[in-house]
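Beneath this line is the structure, given in structure tokens, with notes to follow.
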């Protein structure tokens, strides 16, 4: 990759980290260290990016496209149910990254999708080496997770009212 392409990729990662809410309070040096870990991956329509119950722990930011978050409905019904759709600048994979549990849902590409993937092993090594980055990243992910829980609570409340 040429230097110009590398700089463009880094700027795009900085932009996505900010959009996702992950870069709040990080210095340029910390952002650069984090951005170096991002690996661009492409998926075609219908491709499974994450499979429910798998033991992977990578974190993803959607660069371009749309993904659906799906849960398996009991086997007798034989289908996956879309529970949420995500677009550019949103993250997924954060729960398994944080707690190491099997994936709670599947994530599938709704069309052509480009993501930046942060490999768990490489990310974990960086966070061990640079604890301040780890603290900021985990605090920012906690904020994102809390907002999602609040939105889910509101959705359930609204469903119960109607």
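The numbers here are math on the coordinates, done by the rules we state, and not lab data. Bear in mind that the values here come from a model prediction, so they are computed numbers and not experimental data. Here the Cβ positions follow ideal geometry from the backbone for every residue, glycine too, while neighbour counts run over all protein chains shown.
What do you reckon, is residue 11 without any contact (Cβ under 8 Å) to a residue 12 or more places away in the chain and either within 17 Å of the chain's Cα centre (by Cα) or surrounded by fewer than 18 Cβ atoms within 10 Å (Cβ to Cβ) (or both)?
Details: without any contact (Cβ under 8 Å) to a residue 12 or more places away in the chain: yes; either within 17 Å of the chain's Cα centre (by Cα) or surrounded by fewer than 18 Cβ atoms within 10 Å (Cβ to Cβ) (or both): yes.
Yes: the conditions hold for residue 11.
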Legend entry - Enumeration of residues in segment 16-31 that are out of contact with any helix residue (DSSP H, G or I) (no Cβ under 9 Å at 6 or more places or on another chain) and touching a residue at least 12 places away in the same chain (Cβ under 8 Å): 16, 19
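Can you pull out every residue in segment 4-36 that is touching a strand residue (DSSP E or B) at 6+ places or on another chain (Cβ under 9 Å), within 21 Å of residue 124 (Cβ to Cβ) and assigned to a helix (DSSP H, G or I)? Walk me through it before giving the result.
Of the residues in segment 4-36, the ones touching a strand residue (DSSP E or B) at 6+ places or on another chain (Cβ under 9 Å) are 9-10, 12-13, 16-17, 19-22, 34-35.
From the residues that got through so far, the ones that are within 21 Å of residue 124 (Cβ to Cβ) too are 13, 16-17, 20-22, 34-35.
Once the filter is applied, which keeps residues that are touching a strand residue (DSSP E or B) at 6+ places or on another chain (Cβ under 9 Å), within 21 Å of residue 124 (Cβ to Cβ) and assigned to a helix (DSSP H, G or I), segment 4-36 yields 13, 16, 17, 20, 34, 35.
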Legend entry - Selection within segment 109-134 - farther than 17 Å from residue 51 by Cα, under 12 Å from the mean Cα position of the chain (by Cα) and part of a loop (DSSP other than H, G, I, E, B): none
Inset, instruction - Inspect all residues belonging to segment 111-118 and state whether any of them is touching a strand residue (DSSP E or B) at 6+ places or on another chain (Cβ under 9 Å), more than 24 Å from residue 137 (Cα to Cα) and free of Cβ contacts under 8 Å to residues at least 24 places away in the same chain. - result: no
Inset, instruction - Report whether or not residue 59 is over 10 Å from the mean Cα position of the chain (by Cα), within 24 Å of residue 11 (Cβ to Cβ), surrounded by 16 or more Cβ atoms within 10 Å (Cβ to Cβ) and touching a residue at least 24 places away in the same chain (Cβ under 8 Å). - result: no
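Looking at segment 128-143 only, could you name the residues that are within 14 Å of residue 22 (Cα to Cα) and either free of Cβ contacts under 8 Å to residues at least 60 places away in the same chain or exposed (fewer than 15 other Cβ atoms within 10 Å of the Cβ) (or both)?
Restricting attention to segment 128-143, the residues satisfying the condition of being within 14 Å of residue 22 (Cα to Cα) are 132-143.
Within segment 128-143, 132, 134, 135, 138, 139, 142, 143 meet the criteria.
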Inset, instruction - Answer yes or no as to whether residue 149 is surrounded by 15 or more Cβ atoms within 10 Å (Cβ to Cβ), assigned to a helix (DSSP H, G or I) and over 15 Å from the mean Cα position of the chain (by Cα). - result: no
Legend entry - Checking residue 80 against (1) exposed (fewer than 13 other Cβ atoms within 10 Å of the Cβ); (2) closer than 21 Å to residue 152 by Cα; (3) over 14 Å from the mean Cα position of the chain (by Cα), the condition it does not meet: (1)
